[in-house]
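A.B. asks: There's a structure below that I have some questions on.
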Amino acid sequence: MNALIMALDSIQEKKGRSFLTMLGIIIGVTAVLVLVAMVSGYNADITAYYEKLGVNKVNITLTWYDRTRAVDVYDAVYTYGNETLGDMVEGVSPSATTDLPVKYRTTTLDTCTIYLGSDQFAACNNYTLEDGRDLSYYDIQQRSKVCVLGSYVADTLFPYTDPIGETVYLSGIPFTIIGTYYQKDGGAEDSMDHMISVPYSLNRELLQSADVTAITVKVDTSDHVDTVLNALDVYLAELVSSSVGEYSLENGNSAMTESTEETASMSVVLGGIASIALLVGGIGIMNIMLVTVTERTREIGIKKSIGAPRSEIITQFLVEAGILSGMGGLIGIALGFGLSLVLGKAMYDLILLPSALVTAGAFTFSVAIGIIFGIYPAVKASNLQPVDALRAD
Amino acid sequence: MSLIQLQNVYKIYGEGRENQVNALDGVSLEIDRGEFVAVIGASGSGKSTMMNILGCLDVPTYGEYYLDGVPIREKSRRELELIRSRQISFIFQGYNLIPSLKVWENVALPMLYQKIPLAQRKERAMAALEQVEILSKADSRPTQLSGGQQQRVAIARAIATGSPVLMADEPTGALDSKTGTQVLSLMKELNAGGTTVILITHDNSIAAQARRTVQVRDGHIVHDSVWDGVLVPAVGAG
Ligand SMILES: Nc1ncnc2c1ncn2[C@@H]1O[C@H](COP(=O)(O)OP(=O)(O)O)[C@@H](O)[C@H]1O
Ligand SMILES: [Mg+2]
């Protein structure tokens, strides 16, 4: 208690110097907190992006395939996925896109992403029907010239009227609009709502290619992705022997996992750099505590001459160092919260706050730094021979 | 057994033959409980050096110091702290009060190291301040006091500590003769109450009031006389 009051007195006495001493700790703690908050913001952003794309997918790619000598792989996978794998599979769709101008009467959208999909396209790509109807199995079979509009296309071409039943032209071919999707990505020109889906069986007309070389299989939960992937691998190995083609399989979640893991390892590196700031702050505290010991050598001598135990002297300086760095930590926490809020809003449009655990950790660490770096000056002070300490002025 | 016994004590400062200073050059001395000893000698003769060793603020380079019959060099750091805390009180020429603490807190501080509870510390500090007639300044800071007042606070601190031995290194050196006399009479009072007092002074009129006078010159004790003025040969003096 006594040591606490004396330490506060002494810090208070030299506010300017105390603040400068804390600066390293303040910067370190602020940096750590902002960093962690920004990484969590970045991860939230990445995750949201992948979730919009649709998570839990297995992507099949046919590198080459001799159609003349074997069955249609897409058809086979569609049937196998929907019938054999059952509930685990929510949809199978070719994943082919092209960019084409879209014309409605006199209005033209210069480039629009055209998805060539199956009747399960929406499930595979995380679109939800808003109005009308979706592509049907019959449309695919009949190669009907029908399409479903993303919200940007619908809103832009039909600001005042109902698009359903109207006709748009893709590559000069008329398509009847049968439905519209809900907005899923903000609805802007550069969003995933700037799209149109058409039956993939029109690929000959739109892509000048009859082959489906990429297939998306949508799985119900992330736990099942690997199960489905392995089952497909076994199935495809039989179907596509090496003499007729080559395929590869990919867990669609791995890209997301990879990028979050990447940021995790990057934040470790950045966190390391921030801890160096804390360490430098600790050295600053050691330095100032050494100065304080020198300044107060006479006081130490007086205390020793009247019987102060070594532990008392050590405690006094450790408490002061701990308070100094702890105060630096608190200021750093306040700044870290403020900066995280401001940057989080600006960069990710999120309310980002450092987690309680990280905050508590940063505070504990800064106090510990102060105490650890205070040990040397404190022990040095306590080891002074009373008469030597008294001689100082 | 004597309370204090120095046996052929040396204190050597400096390295090398040329720079070496024998501040104490083979000193032997015995002091009994309850004595009032004045230590006199020219400036630089080694009085403070001897006193610091007696008070366990410093250690001899060679020789033995027995306190209560136990050699100091056998004592642990903690035991020395306890001696400074409970056995010996100091009064310095420069007062040595802590400027950031109030007067009464200065007086009470040694009792904190004796683990005496706060209420009792404060009570005893106030009583000691009353004894040296400076109670009205209890809540002042030392720097707001005159030299004589500060020295009385230092004496109050020694009184409150309750140590059986009081050592004073030129306590009146910075005071005018009237305040010096007051300070001296306080110490005589303590001695009358049983406290052993060892007092360094270069003021012969003050030394004359002591029962025993020890004279130091160039690190040697050259005279050791009792109060009736009869010279006795110093122990080990050539
Ligand atoms: N820390 C020290 N380092 C070097 N020499 C010292 C030190 N302390 C005292 N001395 C020397 O020892 C001698 C005795 O000093 P001191 O005991 O202070 O004398 P006094 O108190 O009688 O004036 C002096 O010559 C002084 O210069
Ligand atoms: Mg001296």
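The values are calculated or read from the model by the stated rules, or taken from the named source; none is laboratory data. All figures in this text were calculated on a predicted structure; none of them were measured in a lab. We place every Cβ from the backbone using ideal geometry, glycine too, and count neighbours over all the protein chains shown. Side chains included, ligands, DNA and RNA excluded: accessible areas come from the protein's heavy atoms. Shrake-Rupley method; radii C 1.70, N 1.55, O 1.52, S 1.80 Å.
A.B. asks: Helices (runs of 4 or more DSSP H) wholly in segment B:119-238 with at least 1 residues that are of a type in the set (Lys, Arg) and open to solvent by less than 10 Å² (accessible area, probe 1.4 Å) - which ones?
C.D. replies: Values: elements: B:147-161, B:177-192, B:204-207.
Answer list for segment B:119-238: B:147-161.
A.B. asks: List every residue pair whose Cβ atoms lie under 8 Å apart, where the two residues are 6 or more positions apart in sequence or sit on different chains, the first residue falls within segment B:73-95 and is over 24 Å from residue B:63 (Cβ atoms) and more than 9 Å from chain A (Cβ to nearest Cβ), and the second residue, located anywhere, is open to solvent by 50 Å² or more (accessible area, probe 1.4 Å) and within 16 Å of ligand 1 (Cβ to nearest atom).
C.D. replies: So the pair list comes out as B:93/B:174.
A.B. asks: Got a sec? Which of A:3, A:7, A:48 is among the aliphatic types (A, V, I, L, M), open to solvent by less than 50 Å² (accessible area, probe 1.4 Å) and under 30 Å from residue A:222 (Cα atoms)?
C.D. replies: Numbers: A:3 fails: under 30 Å from residue A:222 (Cα atoms); A:7 fails: under 30 Å from residue A:222 (Cα atoms).
None of the others qualify; the one that does is A:48.
A.B. asks: Just to check your reading of the model, which residue among A:330, A:339, A:343, A:324 is part of a helix (DSSP H, G or I), more than 14 Å from residue A:28 (Cβ to Cβ) and in contact (Cβ under 8 Å) with a residue 24 or more places away in the chain?
C.D. replies: Working: A:330 fails: more than 14 Å from residue A:28 (Cβ to Cβ); A:339 fails: more than 14 Å from residue A:28 (Cβ to Cβ); A:324 fails: more than 14 Å from residue A:28 (Cβ to Cβ).
None of the other options fit; the residue is A:343.
A.B. asks: Further, regarding this structure: Scan segment B:52-64 for residues that are more than 12 Å from the chain's Cα centre (by Cα) and buried (at least 23 other Cβ atoms within 10 Å of the Cβ) and jot them down. Even if it seems obvious, please write down each step before you answer.
C.D. replies: First, the residues of segment B:52-64 that are more than 12 Å from the chain's Cα centre (by Cα): B:58-64.
Listed by number, the list is empty, since nothing qualifies.
A.B. asks: Right, next: Looking at this structure, is residue A:98 in contact with an Asp or Glu (Cβ under 6 Å, 6 or more places away or on another chain), of a type outside the set (Asp, Glu) and within 25 Å of residue A:202 (Cβ to Cβ)? Write out each step before concluding.
C.D. replies: On the way: in contact with an Asp or Glu (Cβ under 6 Å, 6 or more places away or on another chain): no; of a type outside the set (Asp, Glu): yes; within 25 Å of residue A:202 (Cβ to Cβ): yes.
When the stated conditions are applied, residue A:98 does not pass them.
A.B. asks: I'd like the full set of residues that are within 13 Å of ligand 1 (Cβ to nearest atom) and part of a loop (DSSP other than H, G, I, E, B), limited to segment B:19-38.
C.D. replies: B:20
A.B. asks: Quick one: which residue in A:313, A:285, A:300 is touching a helix residue (DSSP H, G or I) at 6+ places or on another chain (Cβ under 6 Å), over 17 Å from residue B:114 (Cβ atoms), of a type outside the set (D, E, K, R) and within 14 Å of chain B (Cβ to nearest Cβ)? Write out each step before concluding.
C.D. replies: On the way: A:313 fails: over 17 Å from residue B:114 (Cβ atoms); A:285 fails: within 14 Å of chain B (Cβ to nearest Cβ).
Step by step, each of A:313, A:285, A:300 is checked, and only A:300 is touching a helix residue (DSSP H, G or I) at 6+ places or on another chain (Cβ under 6 Å), over 17 Å from residue B:114 (Cβ atoms), of a type outside the set (D, E, K, R) and within 14 Å of chain B (Cβ to nearest Cβ).
A.B. asks: When the residues of segment B:39-51 are filtered to those that are near ligand 2 (Cβ under 9 Å from one of its atoms) and not in a loop (DSSP other than H, G, I, E, B), which remaining residue is most open to solvent (accessible area, probe 1.4 Å)?
C.D. replies: This residue is B:48.
A.B. asks: Return a yes/no flag: does segment B:74-94 have any residue that is more than 16 Å from ligand 1 (Cβ to nearest atom) and part of a strand (DSSP E or B).
C.D. replies: Yes, segment B:74-94 has at least one match.
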